[in-house]
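The values are calculated or read from the model by the stated rules, or taken from the named source; none is laboratory data. Since this is a predicted model, take the numbers as computed values, not measurements. Cβ placement follows ideal geometry from the backbone for every residue including glycine, while neighbour counts extend to all protein chains displayed.
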Amino acid sequence: MFGKNKGKWKSNSKLIAIDFDDTITNFAPYPHTGTLNKKAEKYIRLLVENGYTLILWTARTGENYKEACKLIEEWNLPIKLDDKSKYEHGTTGKISVDFFIDDRSFTGKINWRKLYKYILNNV
């Protein structure tokens, strides 16, 4: 369904789950989608260039999820849009990744430069 971003990853790379709303995008009230956050775009591309694999991990479902996937493809972001269940650990619904990037994990705006350096040094 989401062709060009499906399955493009290295099996030995570190896996990062990334949120959509107010993380990849600038803030917009749900269910609207914000504009592409240019700092996020820059550092997403740098992470992938450095061997990390990013997967979309969002609370969006149904048509809202499809809209997020469509925008990621239009923006040509190197984020995997595979079936999220591939990454679930057993039947818990939790996923098995090396790191999460989510606006709710930070107080205030994400400092992408600091986050990038942290990931390179620790993940």
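If you check Thr23 against the conditions, is it out of contact with any Cys (no Cβ under 7 Å at 6 or more places or on another chain), at pLDDT 95 or above and either among the charged types (D, E, K, R) or surrounded by fewer than 13 Cβ atoms within 10 Å (Cβ to Cβ) (or both)?
Here the answer is no, as Thr23 does not meet what is asked.
Filter region 11-51 for residues that are hydroxyl-bearing (Ser, Thr, Tyr), touching a strand residue (DSSP E or B) at 6+ places or on another chain (Cβ under 8 Å) and not in a strand (DSSP E or B) and give the result.
Ser13, Thr23, Thr33, Thr35
Can you tell me which of (1) loosely packed, with under 14 Cβ neighbours inside 10 Å; (2) on the phi > 0 side of the Ramachandran plot; (3) under 13 Å from the mean Cα position of the chain (by Cα) is the one Ala59 doesn't meet?
Result: Ala59 passes all but (2).
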